[in-house]
Structure formats: structure tokens, C-alpha cells
Amino acid sequence: MPDDLKPDNTFDPDPDGDIPGVVGNGIADLPVDRPADATMSARTDRPEAIGEPKEEEFPDLSSVMADEAVARPAEFQQLSPLPGASEAKNNIDLLLDVKMPVAIELGRTELSIAELLNLGPGSVVELNKLAGEPVDVLVNNKIIARGEVVVVDESFGVRVTQLLSPQERLQSLAQE
């Protein structure tokens, strides 16, 4: 018989009595061969003990027939504008200090990985636009204008020649 089993087949966690804080056997003497469900203290005869809903929480819907249901459009309360809302709606001054990314695109092309690996000093990459053709002005990655490249005090710049209409902006988005 193992040392931690008593003669009555119960477990003693401290047979030598040298574990501090354990008085006697430390826990109620439980037979080792007792099934796990026998030691459970929760009552299962109460519905709330095992997670089943109480009967009064759910009404009896057995008497309701499907052909009695009627669909109606939802009715919503009319919203009234807040005082000063028309002023705020047209007040773009709130957005004037918001910074947006601006990029100028000379053109685009596609290269294979082998062509990319062969690039080096002096390599020329041909773009899809001709020399002298307008460049695209992009704000937040969306084309909003076209222009021509100029040099200003040894720096490149763009002179805007055309602002795109909303229809042209939609067409440029569809082409991407």
C-alpha cells in the first residue's frame, strides 16, 4: 500500500505531518476510488444551476401563427437641424490646416524582376508618358490636376495647367 493512502482507502496529503499549514490530513478524507461526479456539490435539479433559462423568461409562442405576422415600414422621428449646423456645414475653415500628401507622377511602367535586378547607375527606365506630356498631380494618391515640369531656383516644380473635373477623376480611378 502506498504511503499516502490510509487503511480506509482515503488520501492523506501530508502523511509525515511536515507540511506547514496542513492540520491533520488537510482536507476532508475522500476515498480515492470515488467517482468525480460524486464529489460535485452543485445541485443539478435547479435550472439556473446548470445554465438552463427559467420558464418565465421565454413566453409561450406556440399559439402564434405565421400567417398573422404583418410587415410594416419603420416609422422614424423627423430630425431637426441643430442651431448653427448650416454655418458649420459650409465652414471649410476647420479643415484648412489639415496636411495631405501630394505627389507628382512623371509616368509609370512595369518591369520584371530580372529587369529590376539589372538596373544600375546609368540605366534608363522608359515610362508610359512622352516627353513634354503633362504630369499628374496626386493628392492622397488621387489624381486631381495635371501640369508641366518647371525648374525654380535649381529645384523642380509643377505649373498646374488643368484641374480635373469630378467626372475625369472618376474615370482616372476606374483606370487604376
In Hz, Karplus ³J(HN,Hα) per residue of the range 102-108 (6.51, -1.76, 1.60; θ = phi - 60°; x = Gly, Pro): 10, 9, 10, 10, 6, x, 9
Rounded to whole Hz, the Karplus (6.51, -1.76, 1.60) HN-Hα couplings of the range 71-79, x for glycine and proline: 8, 10, x, 5, 10, 10, 6, 5, 8
5 angstrom amide H check on Ala145, placed H, neighbours 5+ away: Val137, Leu164
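Determine the gain in length on full extension of the stretch Glu154-Lys129; use 0.36 nm per residue of separation and subtract their C-alpha separation, reporting nm with one decimal.
Values: separation 25, 0.36 × 25 = 9.00 nm, distance 2.37 nm.
Taking Glu154 through Lys129 to full extension adds about 6.6 nm, to one decimal.
FRET efficiency for Phe76 and Leu170, Cβ-Cβ distance as r, R0 = 41 Å, nearest 0.05?
On the way: r = 32 Å, r/R0 = 0.78.
That pair, Phe76 with Leu170, gives E of 0.80.
Could you give the length gained by full extension between Leu138 and Ala103, i.e. 0.36 nm per residue of separation minus their alpha carbon distance, to one decimal place?
On the way: separation 35, 0.36 × 35 = 12.60 nm, distance 0.51 nm.
Once the chain is fully extended between Leu138 and Ala103, it gains 12.1 nm.
Read-outs: derived from the displayed coordinates by stated rules, not from any lab. The structure presented is a predicted model; accordingly, all values stated were derived computationally and were not measured. With ideal geometry, Cβ positions are generated from the backbone for all residues, glycine too; neighbour counts draw on all protein chains shown.
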